[in-house]
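These notes concern the structure reproduced below.
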Amino acid sequence: MKVLLVEDEPQLASFIKKGFEHEGYELTVAYDGRTGWSLYQQQPYDLVVLDVNLPYLNGVELCRHIRAARHRVPVLMLTALDSLADKEAGFEAGADDYLAKPFAFRELLLRARALTKRYAETGAPQLLRLADLELNLDSKIVTRAGQRIDLTTREYSLLEHLLLNQGRIVSRVDIAERVWEVDFDTTTNIIDVYVGYLRKKIDKGFEPKLIHTVVGMGYVMREQ
């Protein structure tokens, strides 16, 4: 499970990182809001933990950015600002939970587990859409402009992953881990090959093109 922590206090960030990694989580740290937003756009996370008072882009603004992107991810705010007005601002920005500093790591971990469990239980939307492309998560049927598109199991899994993260750059490493469920082998171009297969089926003969390559970073699904 991948966690993004945006916290400008290095000592506290290190403490939280060690604690989460001890519990089996993979945690990435950003020390300012602008870097946190950049990291968030590069790969999907299962949980985002935000401080409020951050350089360049504060936690409330960063939470608004995340919600504006319409990605399903739980957001937990950590802050020394624990007044009712501060909490109200955080919840209005789209935060799911709010934990005031100082805090016990055990409580942070319990809240993190509760949030990720809640999101897992509510499930993803049953229908994923982008432009005139639709993927039905129940029937596993994919259509574009009303025309059914037949995909292999691997092609379907790749398309589902890209659509769940539409608007966000997804790296080849992330695709390898989430779709192939193996460590990324830099000597193979299998991911590029399958992206090519998908392009022929869902982009060829249709407008706008939906699968885009971001050189040196990965792929993104979006309208242009």
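Just a few scattered comments:
- For residue 27, distant residues with modelled amide H under 5 Å away: 3
- Charge dipole of the stretch 51-124 about the Cα centre (unit charges at C-beta), most positive-ward option of 68, 84, 52: 68
- Residues whose placed amide H lies under 5 Å from that of residue 97, excluding near-sequence neighbours: 75, 77
- The residues packed around residue 44, meaning those with a beta-carbon under 11 Å from its beta-carbon, carry a net charge of +1 if Lys and Arg are +1 and Asp and Glu are -1.
- The alpha carbon centroids of the stretch 58-77 and the stretch 23-50 are separated by 11 Å.
- Taken about its Cα centre, the chain carries a charge dipole of roughly 640 debye when the Cβ of each Lys and Arg holds +1 and the Cβ of each Asp and Glu holds -1.
- Binned Cα-Cα distances of the stretch 135-175, short to long, each 5 Å bin given as a whole percent: 5, 21, 30, 22, 15, 6, 0
- Relative to the longest principal axis of the Cα atoms of the chain, helix 59-68 runs at roughly 20 degrees.
- Electrostatic bookkeeping for residue 9 treats Lys and Arg as +1 and Asp and Glu as -1; over the other residues with beta carbon under 13 Å from its beta carbon, the sum is -2.
- Per residue value of the accessible surface for the stretch 151-224 (all protein chains in place, 1.4 Å probe), Å²: 53
- Across the chain, Cα-Cα distances exceeding 33 Å account for 23% of all pairs.
- Result for the chain in a Gaussian network model with C-alpha springs under 10 Å: among 81, 47, 162, the largest mean-square fluctuation is at 81.
- On a per residue basis, the stretch 6-112 carries 48 Å² of accessible surface, using protein heavy atoms and a 1.4 Å probe.
- For the chain, the share of accessible area belonging to carbon and sulfur comes to 50 percent (1.4 Å probe, ligands and nucleic acids excluded).
The values are calculated or read from the model by the stated rules, or taken from the named source; none is laboratory data. Since the structure is predicted, the reported quantities are computational estimates derived from the model, not experimental observations. In this analysis, Cβ positions are derived from the backbone assuming ideal geometry, glycine residues included, and neighbour counts consider all displayed protein chains. Accessible surface areas use protein heavy atoms only, side chains included; no ligands, DNA or RNA. Shrake-Rupley method; radii C 1.70, N 1.55, O 1.52, S 1.80 Å.
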